[in-house]
1. Can you report the principal axis dimensions of the range 351-404 using only the alpha carbons, biggest first, rounded to whole angstrom?
2. Whenever you get a sec, compute what percent of the accessible area on the range 102-147 sits on carbon and sulfur atoms (1.4 Å probe).
3. Over 5 Å intervals from 0, what percent of Cα-Cα pairs in the range 17-120 sits in each interval?
4. For the chain, calculate the relative contact order in percent as a whole number, restricting contacts to Cα pairs under 8 Å that are 6 or more residues apart.
5. Report the antiparallel proportion of the DSSP beta bridges in the chain as a percent, rounded to a multiple of 5.
6. Across 10 Å bins from 0, what is the distribution of all Cα-Cα pair distances for the range 73-192, in whole percents?
7. Report, in whole Å, the centroid distance computed from the Cα atoms of the range 133-182 and the range 300-359.
8. By a straight-distance test (C-alpha under 23 Å), which lysines pair with Lys46 as possible cross-link partners, with residues fewer than eight away in the same chain excluded?
Amino acid sequence: MKLPPALRRYTHWIGFTAILIPLLVLLALQYRSLARLDQTSALVHKAGLNNLLEAVAKEVDYFYRDNAEHLLDLPASVFTQGQISKAASHFKKKGVEGVKHLFVESLLNDDGPLYFYSSCASFQPPPWSPELRAVYVASSPWKFLAHKGGPVERVRLTVEEKDSNNRILLYPITDDSSKLVGLAGMVLDEDYFRAHVLPEAVNRSLATFDSGELAPIVSVQDAKGRIVYTTGSLRGRTAEVEKPFSLVFTDWTISLASRHATPAVVARRNFRLNVGLSTALATVLLGGVLLALRTASREMKLSRMKNEFVSNVSHELRTPLASIRVFAEFLRLGRVDAPEKAREYGEYIETESRRLSQLINNILDFASIESGRKTYHFERCDVREVVCETLKTFGVRLRQNGFNIHLEGADTPLPPARIDPGAIAQSLSNLLDNAVKYSNGKTDVTVSLRRDGDWIVVSVIDQGIGIPRDEQRKIFDRFHRVSTGLVHDVKGSGLGLSIVRHIVDAHRGRVTVESRPGEGSTFSIHLPVEPPESSALAPQAETRERPSEA
Ligand code: ADP
């Protein structure tokens, strides 16, 4: 799909916005759902704690119900056939656990015998002892029912806890015709409950409860509010959920408190963590997108510059070639009679050929610098000689264009330097070429030579169009051309200064520019003076440039 040209400039921002908006919407939606989750997770956690309480209570119920049904379900024959004394062997066979006393009572007559067993051994509690009284209270309703006679519809385990020291589980025994014949019961051992039943029930329930970092503290309080069992210190903590036991010890309460943090705190912490993670992810994503957009934008700029380069270079090649052809034709057709004219045309041809060579050299150099194949042949040289030589070859063109060239500091003695004379001459030519190209009609160009500490400085000074401050760093980048002001009218490849910088860098020197728009520019090449000890080095050395970075 082709975008309208007005929009094409903003493709990156359109793409960025296209990613940013859905991302923000996603973040907002996620924030909302996390906020909801924050509210519900506290409730869910509380429900989880309630389930744990339920599980502990059920374990306790199960222990006593199972124990009672197991132990107390005596055959009716024990009462109907007068074998009540056999109950002891029944209890022994089944194994007694968690029980203070067991008892059986016959209901076959109004005042049936009552037997007490402690650890399966029969014993007679003293009259009016609390356990005897508790048994009487528990058995009275059944005695009344037995006295009434007739079948009992549903027989089930009953609990009597009026005396909290003698809690009783009672199991009524019926014969084949559902007639009550006796009672079997147990007086519960509170110490056993505390020491064995509770810890086992709690541990079993905790093992199946995924408490995570909350690891709740389970505690049990008796009817007077005393802590009778706990899995951790309760200091400074309040119970989050509590519940009484349901079958026995119903006046006792079991409660849970979070060990490290309340569910609300954990939920909030999770909420913050999730929001933080999402924001971090979104930031990374946006960062990546921005980076990709930046790279794409750079690539686009580079490709635009390359296109401009091709068109500029074609123009640069075509113009001198056309002049050369015309002057050569004049000469060939013998249309030039005057020897001065012939010499002038010859000079034109020579100058244009030099320009062509310089351009082609620049392109070839750029190619070899880019691919890392550029080599330098360093030798001990007098920089002044190289400068004078370059000015001599450049002079013709300058003169043709009406330029005056001044050489300053030609008499100042300069120390030798290790340079590649050809490369330095090429750098200077590029600077001179620019001074001419961007002269804006100001025909004075100065080349200055001086020593500045450990540096030999060659400067090319013009009074041309100058360079805006913010462009001064960029002009040394390949293909970069100032796109404002008068430079529009001048064709160029955008390679000259980048090659100068490469060459000067290879000499461990630096190139600087001072310029003011409308007033002119000074480009200076700083080359290190050859240290005295290195004079002994071999006169020639070849170095290979690293490939330039993209
Ligand atoms: P070009 O082939 O365009 O001259 P250069 O790399 O030599 O390429 O120069 C890069 C840009 O720097 C030029 O396009 C021009 O805008 C600016 N520039 C270079 N030298 C001068 C100068 N002496 N005066 C003004 N602008 C200059």
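The values are calculated or read from the model by the stated rules, or taken from the named source; none is laboratory data. This one's a predicted model, so the numbers in the text were calculated from it and none came from an experiment. Please note: Cβ atoms are built from the backbone with ideal geometry, for glycine as well, and neighbour counts cover all protein chains shown. Each accessible area value is taken on the protein alone, full model and side chains, heavy atoms only, with ligands, DNA and RNA left out. Shrake-Rupley method; radii C 1.70, N 1.55, O 1.52, S 1.80 Å.
1. 39, 28, 14
2. Details: 1530 of 2530 Å².
For the range 102-147, the apolar C and S fraction of the accessible surface comes to 60 percent.
3. Computed distribution, short to long bins: 2, 10, 13, 11, 9, 7, 5, 5, 5, 5, 4, 4, 4, 4, 4, 3, 2, 2, 1, 0.
4. On the way: 767 pairs, mean separation 61.0, N = 550.
11 percent.
5. Values: 66 of 71 bridges.
Antiparallel bridges: around 95 percent, rounded to the nearest 5.
6. 14, 49, 33, 4
7. Result: 128 Å between the Cα centres.
8. Within the straight-line cut-off, Lys46 pairs with Lys58, Lys243.
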